[in-house]
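Below is one structure, written out as structure tokens; the observations come after it.
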Amino acid sequence: MRLCSLYSGSSGNSIYVGTDHTHILVDVGVSAKKITEGLNSIDMKPEDIDAILITHEHTDHIQGLGVFLRKYGIPVYATDKTLEAISCYKGLGKVDYSLFHGISPEQTFLIEDIEVKPVSIWHDAADPVCYTLTSGGKKVSIATDLGDYDEHIVDSLMGADAMLIEANHDIRMLEVGPYPYNLKKRILGKRGHLSNERGGQLIKSLLNDHIKGIYLGHLSKENNYPELAFEAVKAELTGNSFSNDCRDFNLSVASREHSSVLIEC
């Protein structure tokens, strides 16, 4: 299994997960041109992609979907409510809706040799999910855009060889920043986004002795810094059962501007 964050941040998200035989994008929240550039950076091209998984319908996760579908005709998988919301997105344009495939949270399905499990999360969207992808005994877990988490989400993400977990904001930056009160309240709420500390706590609960890499993802441009997110999560990982040196987990911050280093499991 391979995991690469092509782009990750509040301005747009797209993640590659694949095997030797199957290649999947999770979200297409940047332009088709940028996704093509990201794929090219890992020696791939859009024509190689077998499927697109969508976590939810917010623009930073579907911005490039319409153009990508018109160019490449790739099947799209998302919950029924998410697909309905996507169809109402004005930026989608004309697409072939036969490419849309409804899925159900908690029900696994296969895309070639990859088993995909969507898991319901708490976010202010129609029916948002996070994903785990498993093949050949290796597992990748991806969880962003969740205001909080419970034991079920932890159990679902557990055992990953590589993961991308949200570290959206620094609470103090958000509280004193320029956002209006209602937006601050939404981000900090149960259907908002994980803070650096809360993301670190989730990661700590998911640690194991076979992790090959961990991305911190979906950082806010206005309310976070990569260095701040890294240090805050590093602090939360102190005292775990495996290692107090985060280099042993290959912890890194996923970039909003370019593809991150490919993680191979």
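The values are calculated or read from the model by the stated rules, or taken from the named source; none is laboratory data. Note that this is a predicted model, so its numbers are computed, not measured. Counting neighbours? That spans all protein chains shown, and the Cβs are built from the backbone with ideal geometry, glycine included. These area figures cover heavy atoms from the full protein model, side chains too; ligands, DNA and RNA do not enter into them. Shrake-Rupley method; radii C 1.70, N 1.55, O 1.52, S 1.80 Å.
Scanning segment 99-129 for residues that are closer than 18 Å to MET1 by Cα, surrounded by 20 or more Cβ atoms within 10 Å (Cβ to Cβ) and either free of Cβ contacts under 8 Å to residues at least 12 places away in the same chain or touching a helix residue (DSSP H, G or I) at 6+ places or on another chain (Cβ under 8 Å) (or both) yields one hit, LYS117. Could we say that ASP145 is of a type in the set (D, E, K, R) and either over 13 Å from the mean Cα position of the chain (by Cα) or part of a helix (DSSP H, G or I) (or both) here? Criteria not met by ASP145. Considering segment 90-120, the residues that are of a type in the set (Asp, Glu) and not in a strand (DSSP E or B) include one that is nearest to the chain's Cα centre (by Cα), namely GLU106.
Looking at ILE15, ILE62, ILE35, ILE54, just one residue is of a type outside the set (Gly, Ala, Ser), under 26 Å from ASN224 (Cα atoms), crowded, with 24+ Cβ neighbours inside 10 Å and out of contact with any strand residue (DSSP E or B) (no Cβ under 6 Å at 6 or more places or on another chain), and that residue is ILE62.
Of the residues making up segment 198-216, at least one is closer than 20 Å to GLY12 by Cβ and not aromatic (Phe, Trp, Tyr). Candidates SER141, SER120: the one that is within 20 Å of GLU264 (Cβ to Cβ), touching a strand residue (DSSP E or B) at 6+ places or on another chain (Cβ under 7 Å), of a type outside the set (Val, Ile, Thr) and at pLDDT 95 or above is SER141.
Being out of contact with any strand residue (DSSP E or B) (no Cβ under 8 Å at 6 or more places or on another chain) and without any contact (Cβ under 8 Å) to a residue 24 or more places away in the chain is a description that applies to LYS185.
A residue that is aromatic (Phe, Trp, Tyr) and farther than 24 Å from LEU25 by Cα occurs somewhere in segment 228-245.
Does LYS139 meet the test of being out of contact with any helix residue (DSSP H, G or I) (no Cβ under 7 Å at 6 or more places or on another chain), part of a loop (DSSP other than H, G, I, E, B) and either farther than 24 Å from HIS258 by Cβ or open to solvent by 40 Å² or more (accessible area, probe 1.4 Å) (or both)? Criteria not met by LYS139.
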